[in-house]
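Notes to accompany the following structure.
What follows draws every value from the coordinates through simple rules; no lab data is involved. Quick caveat, the model's predicted, so the values are computed rather than measured. Glycine also receives a Cβ, built like all others from the backbone with ideal geometry; neighbour counts cover every protein chain displayed.
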Amino acid sequence: MNRLILLFFVSPLLSIAQPITGLNFREWYNPNAEVTLSIDVVRLSNQMVVDFSINSQQFPLEKYAIVWERRDTYTQRDGTSLTETPTVLSESEKQKKGSWVFSIPATSWLLVAKITNLESKTTWVHFKKIDPKYPVNGWLEHNGQKLNQKFLTVKNPYQAKSETESSLFVSAYFNDFKPAAPPFAEQTDQIDRFMFYDSTYRVAPDDLLTLTKQGVYLFQRDTNAAEGFAVLGVTNVYPRFSSITDLAQPLLYVTTPEEFNEINLAGNDKARFDKVILDMTGDRDRAKTFMRSYFRRVELANHYFTSYKQGWKTDKGMIYLIFGLPDEVSLNDGTETWFYKSTRSRFTFVKRGSVYAPDHYVLLRDKRFTEAWFSTIDLWRKSRF
């Protein structure tokens, strides 16, 4: 997905004139969404460059109408239509890429896109917060194409770009950041710290650079400034996992300490790994169902929530992995709340962005989530998903 707040929802056409705070955004995390929109912003010295990509999974884009508008607050019921038109960068039957350029605002505002299926009259509304203090001020390119992913494959050649022709400093961190703790854990344990980089070097705009190993790579013109852009270096199969050792880590949440220890001791021994899963689920067919369902969730968590660490390790990724697609997702400035009807659980995430991940969110943990957590874990162990 993208580095800024990007949300969309599905609603009847006539109900669009509602505040952002009153809408359900669950389609943001639905892998079967009919239409998706990704938006990425780079802040330059005197303007904001906003790249977007609209993708349809079912119908040609000619079957959709797209309207852009501006809203000043999350509680504003409707916006002001933009009279300008974005630059179209590329267009095919089911994908359209374009770019907006705005002056740096004095205060934040919301860029809103309304995409309507002209036949069903269903409308998806996407928006991006245009923040004058947004720290991203550069980007990477591969074979001359601008990249907007939060994760990139190691060993491939890239070029680091910024507004100026000056060199950029690269700080590489190879920390193995811990997975998020369960939602009932102590809040004070949930701080990941970037203390010291493992490697640092400079790259010129025309230099080819390679992400040498998995980890976080931060690009900055000035290492003393809280601005720059970062990507996570990953393997070529990410957001999926393929090796036994990679598959082991996400099982932390659904195994006992003894089972998890046995899985780690298995190393690349598939038979030993499979035995733990079989003993846990109690049946070969259930074991296969469990592996297929659980690691599909891991893949989706990585796809949606990767920041400075793998998506399943983040707070949002952990909740999505265990509980799945929320029934309701509500948003306000700096907070996001997920509600699950099956467990009557309401999880609230608070924005804690940094130069490494401007749109990173952390969960407000509470002991009241204990029962819902363990009852859902029990369903996983019985392969009921």
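Restricting to Cα atoms and excluding each atom paired with itself, what does the Kirkwood estimate give for the chain in Å?
About 22.3 Å for the chain.
Using each residue's phi in region 99-107, evaluate 6.51 cos²θ - 1.76 cosθ + 1.60 at θ = phi - 60° and report the 3J(HN,Hα) Karplus result to the nearest Hz, with x for Gly and Pro.
Per residue, the Karplus-derived 3J(HN,Hα) values read 8, 10, 10, 10, 5, 5, x, 6, 9 Hz.
Let me check I've understood the local charge: for residue 63, count other residues with C-beta under 13 angstrom from its C-beta, Lys and Arg +1, Asp and Glu -1. What total comes out?
Once positives and negatives cancel, what remains is -1.
Per 0.36 nm of contour for each residue apart, how much would the distance between residue 366 and residue 201 grow if the chain were fully extended, relative to their Cα-Cα spacing?
Length gained between residue 366 and residue 201: 55.2 nm.
Two decimals is fine: what's Rg over Rh for region 244-381, C-alpha atoms, Kirkwood radius as Rh?
The Rg/Rh ratio comes out at 1.00.
When Lys and Arg each count +1 and Asp and Glu each count -1, what net charge do the other residues less than 15 Å away from residue 330, Cβ to Cβ, add up to?
Numbers: positive: 26, 316, 341, 346, 351; negative: 27, 327, 328, 333, 336.
Net charge in that neighbourhood comes out at 0.
Given a Förster distance of 22 angstrom, what is the FRET efficiency for residue 379 paired with residue 184, based on the Cβ-Cβ distance and rounded to 0.05?
Efficiency, from the Cβ-Cβ distance: 0.80.
If R₀ is 56 angstrom, what is the calculated FRET efficiency for the pair residue 269 and residue 163, using the beta carbon separation as r and rounding to 0.05?
Once the sixth-power term is evaluated, E becomes 0.65.
Using alpha carbon centroids, what distance separates region 57-128 and region 201-275, in Å?
When both Cα centres are located, 34 Å separates them.
Note down the net charge around residue 25, summing +1 for each Lys or Arg and -1 for each Asp or Glu among other residues with Cβ under 9 Å from its Cβ.
Around residue 25, the charge tally is -2.
Could you sort out which of 150/316; 97/150; 129/367; 288/309; 309/351 sit more than 23 Å apart by Cα distance in this structure?
As for pairs spanning more than 23 Å Cα to Cα, those are 129/367; 288/309.
Under a point-charge model restricted to the Cβ atoms of Lys and Arg (+1) and Asp and Glu (-1), what is the dipole moment magnitude of region 138-234 relative to its Cα centre, in debye to the nearest 20?
240
Multiply the residue gap between residue 145 and residue 227 by 0.36 nm, knock off their C-alpha separation, and tell me the result in nm, one decimal place. The partial results should precede the final answer.
Numbers: separation 82, 0.36 × 82 = 29.52 nm, distance 2.27 nm.
Full extension of this stretch gives 27.3 nm more.
For the chain, with only Lys/Arg (+1) and Asp/Glu (-1) charged at the beta-carbon, what is the dipole magnitude about the Cα centre, in debye rounded to 20? It would help to have the intermediate numbers written out before the result.
Numbers: 48 positive and 44 negative charges, 128 e Å.
Here the chain has a charge dipole of around 620 debye.
Where does each of 244-256, 59-71 land if you order them by average Cβ count within 10 Å, highest first?
Ranked from most to least packed, the peptides come out as 244-256, 59-71.
Need the full-extension length gain, residue 244 to residue 78, defined as separation in residues times 0.36 nm minus the C-alpha distance. One decimal, nm.
Taking 0.36 nm per residue and subtracting the Cα distance, the gain is 54.7 nm.
Just to verify a number: FRET efficiency for residue 118 and residue 235, C-beta to C-beta distance, R0 = 41 Å, to 0.05?
0.50
Could you check which residue among 120, 162, 108 shows the biggest mean-square fluctuation in a GNM of the chain with a 10 Å Cα cutoff?
Comparing 120, 162, 108 in the GNM, the peak value goes to 120.
Can you work out the Karplus-derived ³J(HN,Hα) for every residue in region 21-31? Use 6.51 cos²θ - 1.76 cosθ + 1.60 with θ = phi - 60°, whole Hz, and x for glycine or proline.
Values per residue, Gly and Pro as x: 5, x, 10, 9, 9, 4, 5, 3, 10, 8, x Hz.
Using the structure shown, select from 270/313; 313/341; 128/178; 94/382 the pairs with a Cα to Cα distance greater than 31 angstrom.
From the list (270/313; 313/341; 128/178; 94/382), the Cα-Cα distance tops 31 Å for 94/382.
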